[in-house]
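Since every read-out is calculated from the coordinates, none of them should be taken as a lab result. Just so it is clear, the model here is predicted, and its values are computed rather than measured. All Cβ positions, even for glycine, are placed from backbone atoms using ideal geometry, and neighbour counts span all protein chains on display.
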Amino acid sequence: MSFLNLALMAMVVALLIPLYEAWRDEDIWQTMLSLSSISSKAAVMILLVSVLRDDWMIGVVGVIILSVGNAGFMLLAHILKRLGDA
Amino acid sequence: MDSYIYTITALLPLAAAMLVFQVNPYHALVIRGVLGAIAALVYTVLGAPDVALTEALVGTLLAITLYAVAVRSSLVFRLGVLKDDLSHPQDLTAPDATPLQQVVQALNTVFKDYYLRVELVPYFDREELSQALIDKEIHATCERGSGADDEEAISRPNAPDSCPPPYRTTTRLRRLYDIMNSELLSPVTQLSYVDLSTVGEMH
């Protein structure tokens, strides 16, 4: 129980790294990379919380966010790529 | 109550502040995705998986797609050109770029600071081009200087008289003219501003 709590705290600290990278805006693709990193990390944190609380409902939400986040990321990347070509 | 809830909840105002203080619209779009992911995490941890699912599906996926379409279609500078001048529209960075390509490149450099895209709209002849400017289909025209000066056009004061620039860029928007007049440093084009309210009375 305590170990999982510590792991969750470490994950929050790890989430701050891509947040800082998104704040230092230089390249749009760097920001996109930090978005994908944060999205995956948030989904894994949701899965960890679901294990921590022994709640399957939360775990299902984590899995759906993990898959849907990637689909949205792909759509946004396509629009940005079209923008660079034009 | 578990202690980690407070740390995770503190991430939400952090991401929201990042979104609010972002000036570049495209970066703001991506940070909106970041905010959506963190909001879904916070809602789940606070015990509302249904709200988190809605945030992930609607808030992040649909909202980002709609915002992207809106930003892409609104932040654009439409420049009307003649079809004959567009010989090689693809290679803008080639060293032997045509004068029109140099103009477009200079405009791209100027408008990059204002997050505007330059979009070329080809027309067949000069009449169609000027009519499109009057009809407000395009923001500016760029064509070869004909020599005949309009009375209402303000020509650029520091243009050299001995060698007139081959192109003339005419805009109907005062703000765009001010931006180009102060920042566009291209010897290829001459700038002028046309007030459409006076042109409408003439026709």
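Brief remarks on what is shown
- Mean projected area (nm²) of the alpha-carbon convex hull when the protein assembly as shown is viewed from all directions: 18.6 nm²
- Based on Cα contacts under 8 Å between residues 6+ apart, the stretch A:2-85 shows a relative contact order of 24 percent.
- Peptide B:8-17 shows a mean partner chain C-beta count of 2 within 10 Å per residue C-beta.
- Extension gain, A:Val44 back to A:Lys81 (0.36 nm per residue minus Cα-Cα distance, nm): 10.5 nm
- Potential lengthening of the chain between A:Arg24 and A:Val51 amounts to 6.3 nm, from the contour at 0.36 nm per residue minus the alpha-carbon distance.
- Length-normalised contact order for the stretch B:4-73 - Cα pairs under 8 Å, 6+ apart - percent: 31 percent
- Under 30 Å from the Cα of B:Lys112 - lysines, other chains or at least 8 residues apart: A:Lys81, B:Lys83, B:Lys136
- Per-bin percent of Cα-Cα distances, chain A [10 Å]: 17, 38, 30, 12, 3, 0
- Theoretical FRET efficiency, 1/(1+(r/R0)^6), r = Cβ-Cβ of B:Thr7 and A:Val60, R0 30 Å, to 0.05: 0.80
- Mean Cα-pair separation over length for the stretch B:1-133, i.e. relative contact order, pairs under 8 Å, 6 or more apart, %: 22 percent
- Theoretical FRET efficiency, 1/(1+(r/R0)^6), r = Cβ-Cβ of B:Asn108 and B:Leu14, R0 45 Å, to 0.05: 0.85
- As a calculated quantity, the FRET efficiency between B:Ser74 and B:Asp178 at R0 = 22 Å, using C-beta atoms, amounts to about 0.65.
- With a simple spin-label model that places each label point 7 Å from the Cα along the Cα-to-Cβ direction, the separation between B:Leu62 and B:Gln131 comes to 4.3 nm.
- Average other protein chain Cβ within 10 Å of Cβ, residues A:46-58: 3
- Alpha-carbon centroids, the stretch B:1-34 and the stretch A:16-86: separation in whole Å: 13 Å
- Per residue of peptide B:69-80, the mean number of Cβ atoms on other chains within 10 Å of the residue Cβ is 1.
- Where labels lie 7 Å past Cα in the beta-carbon direction, separation of A:Met9 and B:Leu120 in nm: 6.0 nm
- Nearest-20 debye value, the stretch A:2-85 charge dipole, Cβ charges on Lys, Arg, Asp, Glu: 100 debye
- Positive dipole terminus of chain A, leading residue within A:Val13, A:Ser2, A:Ile65 (C-beta point charges): A:Ile65
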